[in-house]
Amino acid sequence: MDELIEELKASIIEALNLEDLTPADIDADAPLFGEGLGLDSIDALELIVLMERQYGIRLKDAAAGRQVFQSVRVMAEYVMAHRTK
Amino acid sequence: MENKMGHTRLVALAGAGIVTPLGSDTDGVYDALCAGRTALAPHAGPYGPDGPVVLSRLSRPDVEAAFAAAWPAAADGDSTFFEKMALVAVGQALRQAAATLTAQPERTLLILSSTKGNTALLRAGDGADDARLPLPESARRIAHIAGLDAMTPLVVSDACISGVAAQVLAQRLIATGYCDAAVVVGADEQSAFIINGFRAFKALADAPCRPFSADRTGLNPGEAAAAMVLQVTTPEALATNNGGEDGDKSGCGRLWLLAAGALTNDANHISGPSRTGEGSFRALTAVCPGGDDGTLAMLSLHGTATLYNDDMEAQAVHRAGLQNIPACSLKGTFGHTMGAAGVLETLLALHGAERGCVPPTQGFTTPGTPLPLRVAASVQPARPDGDVIKLMSGFGGCNGAVRWTRRPDVAVATTPTSLPALTAGRRVEIDSNGGVTIDGTPLTLTTRGRDMLTEIYRSRATAYPKFYKMDILCRLGFIAAELLTEGETAPADGTLRNDRAIVVCSHSGSIASDRQFCHTIVPDHFFPSPAVFVYTLPNIVTGEVAIRHRYVAETACYLLPQRDDTLMRRLAHTACAERTVSSVMALWLEAPDDTHFHASATLYHVDTH
């Protein structure tokens, strides 16, 4: 689990071009959206692409994404349960 | 006020042409629209692996045949499908205008409105069609075939508002004497590129769309071309005309006049519309300063049937006090025809108004915006001789509105007669290899190329992490704007600035991001990226700068055959038509790839309005 969390942090930084951040700057339990990382609706859509590309998980829409992208830990749990690759 | 009658150059509609899947004869298409027909249907491809797409698609053989008939001398040439559909519309419009067109071809300007032009030709890793990709190349070919290449053809590429922005530009250039007539043509061809971009944005509906309805789920892409011939006229000529058999006693003439136009920015987000309808509200207010004053026939709205657009538009209409004017969206009939939409939907609204009708909003079910609009699935009566408002909004936070009237006195009051004098202020040059100068003084920098922009961002700009998300064109424009505004006092938090316009000119526009997006939709690696797709609209850079600096005045993006400083200054000048504007940021931005770019930026100050 911890390994997956670290992997996700690195993937998020790369996919969303968070160039000034390192994995250590992202709290696995903090909300990904709203305050904090300053992510927006396009980032949410890009995370949907990341889930499919990296883990073979297809999320239907942005609303489904909102549930999954609550925090890096929630994302990791979802990936563990649903990954197809 | 001084007497404007003597020197007002009014702008009249002299001819129109449309090419849609429901036909290419305006009367016939209008009847089909009112009869509830829709061009929307599922099509399998060639749009990628994710199954059929509901869209409106032009018949290729029909367009080819119409092109060969309209332009026989060009039939053996190598015009693309996109160029052919545009030329068919141009041919129709010119034929319709022939009887009344007095402007010389040397004084007639071609303005092409498109978002993605020949992008269907783009293939990942294949540079074969490179020369055909920049939109100015299409404009040049269209102008040449139509015999309109004496003046440099212009391209307006402002995402979804392009067709309205092109009308606004044409009005100002004719009214202020740059040209005597303009042929405004809007067109876009649907392709895997565009379809999968919208898919990545989760914006597509899997059934014919339902604008403003409670059960709306998204938009449908569409294909069309539409052209209008706009020509200078004078109040005196109209008075003579109206005194003849075509006039009537109400003071309304036969001719439609483009009375007013406004472009604004939300300064909110590059893809999401303002939640308060800020830009659309401002655009509506600019063309309807009197609100609902009993002179309006209808609002032809954008009405894409996405959740956020329609809510935003309803809010803007209410804020402008126009909620009791009958309104329509044509997206359920033609889909979102992108570069054509502003022109096509304006022409059909004018057609309806001539018949005292507001066209139906095909697909409308039950009201679904928090603030209600007067939208109906059937034809509504329109105020006789009332004016028509066309509203659009788009990615990059841009909004545009035009007002058409048949009452010369209205047009005389609102048509600009001259533009205020401009003085060039601070000037910034950025070159990927040559470095940066501000007012001729070089900046000391240790890097070149893409890294140089990051170095400037880190050393001279306020922290703005979105910089790292931007593509090369936006980074270049962002840095140019930072350097142009260095030393200015930032407005208080939340204060919007309506005193500064942004005009971006380029040749190859978003081509670097176009290529990058293409690489995300190759068959064995099919993961269309929304974050890349959004930057395939060249006007996004205007939105990025507007958001950073809270600029809500006019923003515009023009693509030119080559850099032309005199023409750029003229285009920057048109952005001063709005009286609130006291300075214009004029940016020439050319960034064909990550390692070759050039910016030439000037901050112009308006002397006095």
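The values are calculated or read from the model by the stated rules, or taken from the named source; none is laboratory data. On a predicted model such as this, the values are computed, not experimentally measured, just so you know. FYI the Cβ positions are ideal-geometry reconstructions off the backbone, even for glycines, and counts take in every protein chain you see. Accessible surface areas use protein heavy atoms only, side chains included; no ligands, DNA or RNA. Shrake-Rupley method; radii C 1.70, N 1.55, O 1.52, S 1.80 Å.
The table for this structure:
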| item | result |
| --- | --- |
| Filter result for the condition that a residue is closer than 29 Å to residue B:14 by Cα and either touching a Leu at 6+ places or on another chain (Cβ under 8 Å) or crowded, with 24+ Cβ neighbours inside 10 Å (or both), over B:327, B:314 | B:327 |
| Of all residues in the range B:591-605 being within 19 Å of residue B:546 (Cα to Cα) and of a type outside the set (S, T, N, Q), the one that is most open to solvent (accessible area, probe 1.4 Å) | B:605 |
| Test: residue in the range B:371-387 that is assigned to a strand (DSSP E or B), open to solvent by less than 10 Å² (accessible area, probe 1.4 Å), small (Gly, Ala, Ser) and in contact (Cβ under 8 Å) with a residue 24 or more places away in the chain | no |
| Some residue of the range B:464-476 being more than 13 Å from chain A (Cβ to nearest Cβ), over 20 Å from the mean Cα position of the chain (by Cα) and either among the hydrophobic types (A, V, I, L, M, F, W, C) or surrounded by fewer than 24 Cβ atoms within 10 Å (Cβ to Cβ) (or both) | yes |
| Among (1) in contact (Cβ under 8 Å) with a residue 60 or more places away in the chain; (2) over 22 Å from the mean Cα position of the chain (by Cα) - the single one residue B:498 does not satisfy | (2) |
| Scan of the range B:452-463 for residues that are within 12 Å of chain A (Cβ to nearest Cβ) and either in a helix (DSSP H, G or I) or closer than 25 Å to residue B:514 by Cβ (or both), ordered by number | B:454, B:457, B:458 |
| Qualifying residue in the range B:413-431 (condition: more than 26 Å from the chain's Cα centre (by Cα), buried (at least 19 other Cβ atoms within 10 Å of the Cβ) and among the small types (Gly, Ala, Ser)) | no |
| Any hit, the range B:196-218, residues being more than 14 Å from every other protein chain (Cβ to nearest Cβ), closer than 14 Å to residue B:340 by Cβ and not acidic (Asp, Glu) | no |
| Exclusive hit being in the same structural domain as residue B:344 (by TED's automatic domain parsing) and in a helix (DSSP H, G or I), set B:99, B:143, B:150, B:103 | B:143 |
| Lone qualifier among B:245, B:223 - being at pLDDT 95 or above and either open to solvent by 10 Å² or more (accessible area, probe 1.4 Å) or within 23 Å of the chain's Cα centre (by Cα) (or both) | B:223 |
| Matching strands (runs of 3 or more DSSP E) fully within the range B:1-85 where at least 3 residues are at pLDDT 95 or above and open to solvent by less than 20 Å² (accessible area, probe 1.4 Å) | B:10-19, B:53-56 |
| Residues of the range B:414-448 satisfying the condition of being within 22 Å of residue B:606 (Cα to Cα) and among the aliphatic types (A, V, I, L, M) | B:419, B:421, B:422, B:424, B:428, B:438 |
| Only one of B:95, B:123 that is open to solvent by 10 Å² or more (accessible area, probe 1.4 Å), more than 22 Å from residue B:561 (Cβ to Cβ) and modelled with pLDDT of 95 or more | B:95 |
| Residues located in the range B:263-310, provided they are surrounded by 19 or more Cβ atoms within 10 Å (Cβ to Cβ), within 14 Å of chain A (Cβ to nearest Cβ) and in a helix (DSSP H, G or I) | B:309 |
| Selection status of residue B:536, outside the structural domain of residue B:136 (by TED's automatic domain parsing), over 15 Å from residue B:502 (Cα atoms) and either open to solvent by 10 Å² or more (accessible area, probe 1.4 Å) or in contact with a Gly (Cβ under 8 Å, 6 or more places away or on another chain) (or both) | yes |
| Options B:561, B:528, B:491; residue that is open to solvent by 10 Å² or more (accessible area, probe 1.4 Å), out of contact with any Cys (no Cβ under 6 Å at 6 or more places or on another chain), closer than 25 Å to residue B:172 by Cα and not β-branched (Val, Ile, Thr) | B:561 |
| Test: residue in the range B:388-401 that is assigned to a loop (DSSP other than H, G, I, E, B) and surrounded by 18 or more Cβ atoms within 10 Å (Cβ to Cβ) | no |
| Neighbours by Cβ (under 9 Å, 6+ apart or cross-chain): first from the range B:32-49, farther than 27 Å from residue B:518 by Cβ; second aromatic (Phe, Trp, Tyr) | B:33/B:334; B:38/B:334; B:39/B:334 |
| Qualifying residue in the range B:315-326 (condition: under 24 Å from residue B:35 (Cα atoms) and touching a residue at least 12 places away in the same chain (Cβ under 8 Å)) | yes |
| Total residues in the range A:4-27, condition in a loop (DSSP other than H, G, I, E, B) and either away from chain B (no Cβ under 12 Å) or over 23 Å from residue A:82 (Cα atoms) (or both) | 8 |
| Inter-residue pairs, beta-carbon under 6 Å, first within 18 Å of residue B:310 (Cβ to Cβ) and in the range B:185-208, second open to solvent by 10 Å² or more (accessible area, probe 1.4 Å) and at pLDDT below 95, 6+ apart | B:202/A:61; B:202/A:62 |
| In the range A:28-67, residue surrounded by the most Cβ atoms within 10 Å (Cβ to Cβ) [restricted to those that are hydrophobic (A, V, I, L, M, F, W, C) and away from every other protein chain (no Cβ under 14 Å)] | A:32 |
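Yes/no matrix, rows are residues, columns are (1) closer than 22 Å to residue B:392 by Cβ; (2) among the polar types (S, T, N, Q); (3) out of contact with any strand residue (DSSP E or B) (no Cβ under 9 Å at 6 or more places or on another chain):
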position	(1), (2), (3)
B:545	yes, no, no
B:573	no, no, no
B:593	no, no, yes
B:598	no, no, no
